[in-house]
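Heads up: the structure comes next, in structure tokens.
The values are calculated or read from the model by the stated rules, or taken from the named source; none is laboratory data. All of these numbers come straight from a predicted model, not from anything done at the bench. Quick reminder, even Gly has a Cβ in these numbers, built from the backbone with ideal geometry, and neighbours come from all protein chains shown.
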Amino acid sequence: MLKINNLEVVYNDVALVVRGISLEVPDAGIVALLGSNGAGKTTILKAVSKVLYSEEGEIEDGTISFNEHLLNELSPEQVVRKGVCQVPEGRQVFDELTVDENLRIGAYTRRDSTNIRKDLKSIYGYFPILRGRKDTLSVYLSGGEQQMLAIGRGLMSRPKLLMLD
Ligand SMILES: Nc1ncnc2c1ncn2[C@@H]1O[C@H](COP(=O)(O)OP(=O)(O)OP(=O)(O)O)[C@@H](O)[C@H]1O
Ligand SMILES: [Mg+2]
């Protein structure tokens, strides 16, 4: 499904933090990426999602393809539309939005409102504690609740591939 071939990533034109990484995620498979702190795991995920570009990061070499489509030149939004979603490390929910608004924002690229409502219901089913706090500003959630919200928000895009950092 996802193929990364010989990836090289540089931050700020100078800091080479990922070099010669290749990996493959098969259909219906789960792949775990292991490495010490600072090894480049998050950077690899950001290269796939293209969040990298908002942090002065560049893909200097290599290819990233998803179901045979090359992702290298796409924007973050286009990557989500292809069906790839990143759940960031450190939660990173939208503090000033409610739980419900955070989840709905996960469906930003979708227009199928009936299915969006269904998915919202499913996510409140997976994480019932969120349902009880649906109108609470997410900044007031506990750490674990924010983590649930970040995962739920990712699922709201109906991804084919969910990258959990
Ligand atoms: N925006 C950035 N600008 C410059 N350097 C960065 C940036 N983000 C990360 N780095 C550097 O890139 C390297 C890899 O960082 P990354 O966050 O990918 O590591 P990681 O494997 O996810 O670590 P951890 O297990 O601690 O989450 C580190 O040396 C880090 O300091
Ligand atoms: Mg990391």
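Key figures for this structure:
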quantity: Set Ile21, Ile59, Ile64: member being touching a residue at least 12 places away in the same chain (Cβ under 8 Å), within 16 Å of ligand 2 (Cβ to nearest atom) and in contact with a helix residue (DSSP H, G or I) (Cβ under 7 Å, 6 or more places away or on another chain); calculated: Ile21
quantity: First in the range 1-13 and within 15 Å of Tyr53 (Cβ to Cβ) and in the same structural domain as His69 (by TED's automatic domain parsing), second anywhere and assigned to a loop (DSSP other than H, G, I, E, B) and not aliphatic (A, V, I, L, M), Cβ under 8 Å, 6 or more apart; calculated: Val9/Gly40; Tyr11/Glu56; Asn12/Glu56; Asp13/Glu56
quantity: Tally of residues being touching a strand residue (DSSP E or B) at 6+ places or on another chain (Cβ under 8 Å) and within 13 Å of Lys160 (Cα to Cα) across the range 80-95; calculated: 5
quantity: Residue in the range 4-13 that is modelled with pLDDT of 95 or more, outside any loop (DSSP other than H, G, I, E, B), under 21 Å from Thr63 (Cβ atoms) and more than 15 Å from ligand 1 (Cβ to nearest atom) present; calculated: yes
quantity: Subset of the range 135-154 (residues that are in contact with a helix residue (DSSP H, G or I) (Cβ under 8 Å, 6 or more places away or on another chain), free of Cβ contacts under 8 Å to residues at least 60 places away in the same chain and either in a helix (DSSP H, G or I) or within 16 Å of ligand 2 (Cβ to nearest atom) (or both)); calculated: Ser138, Glu145, Gln146, Met148, Leu149, Gly152
quantity: Residue identified as of a type in the set (Ser, Thr, Tyr) and either within 19 Å of the chain's Cα centre (by Cα) or surrounded by fewer than 17 Cβ atoms within 10 Å (Cβ to Cβ) (or both) among Tyr124, Tyr108; calculated: Tyr108
quantity: Scan of the range 34-69 for residues that are away from ligand 1 (no atom under 14 Å from the Cβ) and either within 14 Å of the chain's Cα centre (by Cα) or hydroxyl-bearing (Ser, Thr, Tyr) (or both), ordered by number; calculated: Thr63, Ser65
quantity: The lone exception for Gly90 - which of (1) within 20 Å of Ile21 (Cα to Cα); (2) within 16 Å of ligand 2 (Cβ to nearest atom) it fails; calculated: (1)
